[in-house]
Structure formats: C-alpha cells, structure tokens
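First the structure, in the form of structure tokens, and then the observations on it.
The values are calculated or read from the model by the stated rules, or taken from the named source; none is laboratory data. Just so it is clear, the model here is predicted, and its values are computed rather than measured. Here Cβ is always computed from backbone atoms with ideal geometry, including for glycine, and neighbour counts include all displayed protein chains. What goes into the accessible areas is simple: the full protein's heavy atoms, side chains included, and nothing from ligands, DNA or RNA. Shrake-Rupley method; radii C 1.70, N 1.55, O 1.52, S 1.80 Å.
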Amino acid sequence: MSNKKSIKSSSSAGSFSLPNFLVSELRSRLLDWYATSGRSLPWRETRDPYRIWISEIMLQQTQVKTVIPYFDRWIQQFPSVQSLADAELQTVLKAWEGLGYYARARNLHRAAKQIAETGFPTDLDSIQALPGIGRTTAGGILSAAFDQPISILDGNVKRVLARLIALDKVPNKALTQLWAISDQLIDPENGRDFNQALMDLGATVCTPKNPACLVCPWRSHCKAYNLGVQSELPMSETRTAIPHKVIGVAVIWKDQRILIDRRKPEGLLGGLWEFPGGKLEPGETIEECIQREIREELAIDIAVGEQLIVVDHTYTHFRVTLNVHHCQYLAGEPQAIECDEIRWVAVDELSDYPFPKANIKIIEALRSVSFSGS
DNA sequence: AAAGCGGGGGT
DNA sequence: ACCCCAGCTTT
C-alpha cells in the first residue's frame, strides 16, 4: 500500500472524528437529560436478554406506541426462549398478526430454536449471526441487556446525528460517517443508558417535524440549530410513485364453510392465510378475473356471485384494491398450486388463523353479513 | 447499491 | 396525502 494511503487511513476514525472535549460534553449533557427526561418503557424494567431481544425486533420500523401492547401480550404468551422455540410457527404468526414485516416473526422463531440450543450470544459477531439481527439491533441488545458500549444507528440516531453535524447528504448516503460518529460518541462506561438516551432524544425532542430545540441538551453544540436549518434536515430520499393493483378476491362457499389458503413461507405476507384471488388483467371484468384466478390457482370451478366488500390497502411499495365477491363452489378438488395449504373453515374459525390486515377487513364484513342473517 | 418487506402514528 | 418509524435480507 502506498505511503499516502497509509497516512490517510491512519488518521482513522480520522476524517470523521469529533474533538475529544466535545465528545465528553455531549455525553454528559445527554446522560443528565436522560436521567430526568427519559421515557419509561416496559422493556426498560428488565435486563433479561430474551425480553430485550423481542422488543428490539418488534421495534424495527415500528413505533413504540404500536409495539407496547404486542410486547405485553407476547411476554405473557411466550415468557421464555424455550416457550417460543417450542411453539408452532402458526401460533407465533398469530401473535404477530397486524404488526407487519412478518419475516421478523419467522426469524424470531428460527432464532429461538438456535438460542435454546446454544444459549444467548453475548458478542457482536455471534448475535449478529442470528436471523433478523443486523448491526443496529445487535448493538441495541448488547447495550441494553449487558451494558456493552456497542453503538447503534437507527432512524432516530441518523436524524439526531445528521442535525448535530448539519450533514449535507441523505443519511443513507453517509452511513460510514454516521457510524463513525455513533462509535465515537457512545460512553464506554454507560453503553446502555447512552444508547437509550440517544433514541429517546430522537423520539421525543429531535423529532422529524417541529423539533423541540429549546429543551435539547445538545442545542448549543448542534450545527443545524446554530445555522437555523434544523427543520430542513436531514435531507430526505426522493421516492417514486407506487403502482396500483386491482385484485379480484373470492369468498368461496361450500355448505357453511369458506375456502382459505396459506401463502408460501417466504416473501410478501409469507406463511399467512388469505382468501384466494389475483390481479385483474386488461379488458377483464372482476367476475372473469376471479373465475380465471381460482381455476389457475386452485383448479376448481365456481360461480361468482354478489359483491361482499371493496377494500383499499396501501403497502410500502404498492397499493391494492380488493374487489371481494361471494362465490359458490361447483366442482373439482382444490389443488395447492400457488400456495402451501388449503382449508375449508367456518366463519367462527377464521379467528384461529393469522391473516394480513387487508383480509381482516374482509372477515369483519363476513361476520356482519352472517350476523344480520343473509 | 437497490429493492422487497406491513401497518400505523403524526402532521 | 405524505413522511416516518429502535432495519434486515436478498438481489
């Protein structure tokens, strides 16, 4: 390697480092603020790595307010790693129903089986080797459960640090720099409190809109505040318009039962149950679409009847309109061609199965229909 | 490096 | 209507 290059990299944390006096100042101000203004949260009342792990996974891309009731129910239902490892995947998915990003639940179940065998990992590499645990979640668990000084870089921290240094890029284009600052800032003696404090600061003071700079412990050192651009930062990603899909969905009746199918284990809504259907093709009516999809996916004949409900639902990368019709089973033995399993179930049994949110709207419509006695 | 992956809170 | 949330995995 060339002389120039080794000199450049030997300034190491180097091109991105903050002066030491500033680091000390930021640490003590943040920890003082946290002692008086930190949030009280269920997973902060324990150092049980299992509970902290569960909370960290639930909190991925999910707000604290949403997580709390799921977390409390989960700990009741699965109080230990072993109880989670012993549970059926369908039971785990049912407990996760409505929380989204269902790969998190599938990965929790897989990881629980590993932890039950090997014990809970206590170092960065082995904990990050578990499914569903990346660098930030690993730091969150190791700091919260074992007070290790392992940094984090979640959405809150990216925003706080981007404002602190008045970052002139989209945070996701400056990850190396932001990680270096998070590494440098974390207090070696207070890893747990420091990371918790940093996330609280982002969640309650350094918010995306209308940040409360007047009560911020870092105000006097914040470059964005001092430049008056705190509301313009961090720079945001440009996002593209999402496509809209029109879907035909069948509620297929045979005697007093309805046909549902279980989606393949990976991918969108993997492992969840649904009412069968598919995408409307150009020039096709909804009735024709439903009949075609059911023939292609299940190899049975049906008669498409009256509309039950229309459900609009928005996912991260597309929007759907579900046109749901009552259908009557006619002939053929259903084949699991594009799904994992098929069942005929009574309306009252639907609540035993994990469904995506858009399908739960269909179930609610079904219940009110059968209740009013159609 | 970019895309896939849910659902809801806050404004 | 839009942005964002205690991100990870796959391509």
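Just order A:247-253, A:296-302, A:346-352, A:107-113 by mean Cβ neighbour count inside 10 Å, highest at the front, would you? Present the calculation step by step, with values, prior to reporting the outcome.
Numbers: A:247-253: 23.7, A:296-302: 17.7, A:346-352: 13.3, A:107-113: 19.6.
Descending packing order for the listed peptides: A:247-253, A:107-113, A:296-302, A:346-352.
Residue separation of A:ASP72 and A:SER368 scaled by 0.36 nm, minus their Cα-Cα distance, works out to 103.6 nm of gained length.
In sequence order, region A:233-248 has phi-based couplings of 10, x, 4, 9, 5, 8, 10, 8, 4, 9, x, 10, 10, 9, 10, x Hz under the Karplus curve 6.51 cos²θ - 1.76 cosθ + 1.60, θ = phi - 60°, and Gly or Pro positions carry x.
Can you tell me what share of the DSSP beta bridges in chain A is antiparallel? A percent to the nearest 5 is fine. All intermediate terms of the calculation are to be shown ahead of the outcome.
Numbers: 23 of 33 bridges.
Given both bridge residues lie in chain A, the antiparallel proportion sits at roughly 70 percent.
Taking all protein chains as present, what is the carbon and sulfur share of the accessible area of chain A, in % to the nearest whole number, probe 1.4 Å? Intermediate results must be reported in sequence, preceding the final value.
Details: 9520 of 19050 Å².
That fraction is 50 percent.
Determine the shape class of region A:244-371: with a ≥ b ≥ c the square roots of the Cα gyration tensor eigenvalues, call it rounded for a/c under 1.5, and otherwise prolate if a/b is greater than b/c, oblate otherwise. Write down the numbers at each step before the final one.
Details: a/c = 1.17, a/b = 1.07, b/c = 1.09.
It is rounded, given that a/c, with a ≥ b ≥ c, falls under 1.5.
Per-residue extension of 0.36 nm, minus the Cα-Cα distance of A:SER236 and A:ALA203, leaves a gain of 10.1 nm for this segment. Cross-link partners of A:LYS169 among aspartates and glutamates, defined as those whose alpha carbon lies under 14 angstrom from its own and excluding same-chain residues fewer than eight positions apart: A:GLU232, A:GLU237.
Could you compute the net charge surrounding A:ARG110? Neighbours are other residues with a C-beta less than 14 Å from the C-beta of A:ARG110; K and R count +1, D and E count -1.
Values: positive: A:ARG104, A:ARG106, A:LYS113; negative: A:ASP86, A:GLU88, A:GLU117, A:GLU266.
Taking every other residue near A:ARG110 into account, the sum is -1.
Put simply, the amide H of A:LYS245, placed in the peptide plane, has neighbours under 5 Å in A:ARG319, A:VAL320, A:THR321, leaving out anything fewer than 5 places away on its chain. List, in the order given, every pair from A:LYS113/A:LYS357; A:LYS173/A:LYS223; A:LYS94/A:LYS158; A:LYS94/A:LYS361 whose Cα-Cα distance in the structure shown is over 26 Å. Those over the limit are A:LYS113/A:LYS357; A:LYS94/A:LYS158.
Give me the 1.4 Å probe accessible area per residue for chain A, excluding ligands and nucleic acids, in Å². The partial results should precede the final answer.
Details: 19050 Å² over 374 residues.
So chain A comes to 51 Å² accessible per residue, rounded to a whole number.
Counting only alpha carbon atoms, the long axis of helix A:64-77 and the longest principal axis of chain A meet at about 70°.
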